[in-house]
Each structure stands twice: as structure tokens, then as C-alpha cells.
1. Could you work out the local net charge near PHE401, counting Lys and Arg as +1, Asp and Glu as -1, over the other residues with Cβ closer than 13 Å to its Cβ?
2. Please compare each pair in LYS144/LYS247; LYS144/LYS384; LYS173/LYS281 to a cut-off of 19 Å on the Cα-Cα distance and tell me which ones are over it.
3. Working out 0.36 nm times the residue gap between ASN181 and ILE347, then minus their Cα-Cα distance, what length gain in nm do you get to one decimal?
4. What is the calculated FRET efficiency for ALA26 to LYS281, with r their C-beta to C-beta distance and R₀ = 56 Å, to the nearest 0.05?
5. If you average 1/r over all unlike Cα pairs in the chain and invert the result, what Kirkwood radius do you get in angstrom?
6. Go ahead and collect, in residue order, the members of segment 169-195 whose backbone nitrogen is under 12 Å from a label point 7 Å along the Cα-Cβ direction of VAL141.
7. So how do 83-89, 157-163 stack up, highest first, on mean other-Cβ count within 10 Å?
8. For the pair ALA380/LEU229, report the inter-label distance in nm, with labels modelled 7 Å from Cα in the Cβ direction.
Amino acid sequence: MIKVITYGTYDCLHYGHIRLLQHAKALGDFLIVGITSEDFDVNRGKINVKQSLTDRIAAVKETGIADLIVVEEYQGQKIDDIQRYGVDIFTVGSDWEGHFDYLNEYCQVVYLPRTKGVSSTELRSDEQHIRMGVVGESSSVIEKFLREGGYVNGLEFTGVCTSSISELPDYFKNLDLITNNYDELLANVEAVYIQSSPYERYALIQRALEYNVHVICESPITLAQADYLELLALAESKNLVLMESLKTAYTVAFQRMVVMLKSGLIGRIASVDAAVTSLAKLDGNSVGSLCDWGPQALLAIFKLLGTAYESKSIKTMFYKGDTVDDIGEEKSVKRYKIDSFTKIDFIYPEAVASLRVGKGVKSEGELIISGTKGYIFVPAPWWKTDYFEARFEDPRDNRKFFYQLKGEGIRNMIVQFVRSVSEKRDEGNVLPEITSAITKVIQDFYQGIDVIEICK
């Protein structure tokens, strides 16, 4: 049997792709098709893939040409695949001629002629070009978002709304529109990224949706569950995207880990323990540890165990000397108590979970998932890791998993946002029920529900 292998992105699968696959199949008896993941494509240039990896795999599978489909995720995988599957012929399109000659050491290399006049790039050329605005003061978070967004085709950063116009950082100065008038920004964009204070996000999101502008907002989107559900309903009524910016959900390692755990890698999950802390200096203008770090830890718990917990217990240490306003029925509350450390324990029907978050209190920022067959260990900082381990009773069964980390997940998150806006459907990695559950926990914390104050 002659085995043939070929690789490609196969975005917007078209006649040219199919002809190339047919020619590859004709070279032998068994065709292996490697489909590049979004993360691996970053290393080959800008991200401009329209379809998700799942959709691209399904499209190739439906042709019936491939005998086996594999996912290409890392540099050097071609050699590994050739050796692993006993490949006789490696083939790609002639536009790569000479590029893969080094593989002649492992198998025969054949370059196939491309179908003229057809390409995925041409098919994507009619896509909507999204003009995006940014809302917030200068920060490393915004700087990273702008930098990673620069790798994403179909997206153009148009302007910023900030109160610090007199002291603009360099990454704002290249934008066409710089204003402190939010309405002016919204009138000139199709989408907006909001990184302002959590106390301001509800009003900013509502105003953007009223302007028919898509929104991606830092987490937590709101400080009250009812506010989020109101905004979600407004977005859905206008066919707009409202996405929570939780970059951890878009890191390759985290996504692969969730899939492996749901497939039973360590058996039934019995416990999830997540910690996120930093020695950030606290003052009266700070955002508390739960509001700042809680969404990341809650993401891991709710992704793995769901949101239907039976009870929770919140223990917290507040920043000494700060005051608190009652959340009440008002949406205009300006300041809540600042927590320097908070621990939350959840009880599920068949599992438990806990999170520890701190600002000014340092702990090992690891994620541990315990199961009936073994456990997962993700080292600090787990929320932007490229590595995790599956550990078992017999150490010989232990496995280590490595995945490339590009842009801390921000790049892939922006790609998903652009895709959702272009296709007028929100298919982000953070489902509305998870965002809703996150806002409910934070709301309960500020309202004192299930809260025990450790020191005053």
C-alpha cells in the first residue's frame, strides 16, 4: 500500500481544493490529509481563516477523498507524521515548490499544479471589513489587544474614546479618531472593544448596542446578572454580537484540556481547584480581587462542571479602610468594597470546586482537576499556559501536553469575534450561561449573599 500525505488550511473549501485532493489521492492507495489549526497558521502569516477548525475538518471529511484526517499543530509535525504513519509520498501545491525539498530524506516529495483562478483568499475578499473602536484608558491590556488584533485580517482599528487625550501612548496615536466623546466613536465603527472600569461597562455596552455596534468587553461584563441578561436580550433583538473577553478560553492548551477531560481522560471529575493571584498594589481606586481575577477562575470551574452548582460559600478579606455602598436596585453605584483575597467553595451534585483570588496576596497560581482515574496539573500561570500534565497512580502512565501560546489567547479570541460579526452569529468559547453565572457570583459577593468576612 502506498501512503500519501498532504497538508492545508482548507478554508472555504472550493473546487481547487477538491481537485488537489483528488490528484493527491491518485498518487497512491491511502490519503492522509493534515489540516492546520488556527494557532499553527499564525506562524505562517496573518490570521485570515474564516471557518473554524471543526468546520474545515467536516468539509474535508464530506468530500470522501481523505482516508485519514490529522490536525497540524506544531512546527516539525510533518516529519513526525511521515514517520508515524509510514508515508511514502508527501505532496502539496506547486506554489510551495522547493519549500519542502528537505522532506525527500524521509519520503518522495511531489508538487501538484494548482487550479488557476480559484483561491480561498479570493473567496474571502468580499468579506465585511470591520472597523473597531476602543474604549478605556491606556493600559497593558489595551496595548496587547491592539497588537494581537493587528494579526487578524478583516479588522481595522479606527479610533479610541479616552479621557487621557493629552497623554496618549504611542499605540493610540496611529488611530484615525481620538476622542473623549463616546457617541462620536460609535458613529464611526461597526464594533467596539470595552476595557473601561467595571462600574461603567453596563452603560457603555447599552449605548453601543443602541448604535447597532457589536461589542467585545472585558470580564466581568456587568456587576449584576439582570443587567447582563438585559444587554444580551438587546443584542439578540438587534442581531448583534456581545462577547465576553476571557482570553483563557481561547488558548489552545485550555481548549484541548477541556476536550480531553470531557472525553474521560481522568475519569469522572470530582474536584476543580483554581488559583489566580498577584502582588498588585491596592488603594482606594483599585478593583477587588474577585472582580479582577474571579472570571478566569470561574471560567475553569463552569467549563468543566457546568453552572448548576447546589451551593457556594464565599470567604473574603477586604482592603482595610475602604467603604462599601449598597448595590440595591440602582445601576449608578460607583464604588464597592475592595477585597484583597477571596476564596469560594462550590458544591455540585457529584463534585466540588474552589477558587482562590488575591491582589496583594500571593499564592501558587495553579489549576488542579481531580478525577476518578487520575488528575490534571496546570502550572502557574495556568490561565495563560502552553502546557499541562495528566498524572496517574502509576507514574509510567503520566503524560505531558504542550501547545503553542500566541498572544495569550487574545489573537484567537479576536479571530472568533470577527468571525461571529461577519457571520452574524455568536459562537464564542464562553457561552451566555457561563457569562451569566459569572456575573451572578460577583453580584452575590457584592450583595453579601453567602459571604463570610474573615477580617475587618
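No lab work stands behind these numbers, since they all come straight from the coordinates. Remember, predicted model here, so these are calculated numbers, not experimental data. Cβ placement follows ideal geometry from the backbone for every residue including glycine, while neighbour counts extend to all protein chains displayed.
1. Result for the local shell: +1.
2. Check vs 19 Å cut-off fails for LYS173/LYS281.
3. 55.2 nm
4. Plugging the Cβ-Cβ distance into 1/(1 + (r/R0)^6) gives 0.25.
5. Final number for the Kirkwood radius of the chain is 24.1 Å.
6. Within reach of a label on VAL141, which here means backbone N under 12 Å from a point 7 Å along Cα→Cβ, segment 169-195 contributes 194-195.
7. Numbers: 83-89: 14.6, 157-163: 20.6.
Sorting 83-89, 157-163 by mean packing, highest first, produces 157-163, 83-89.
8. Reported label-point gap for ALA380 and LEU229 is 3.8 nm.
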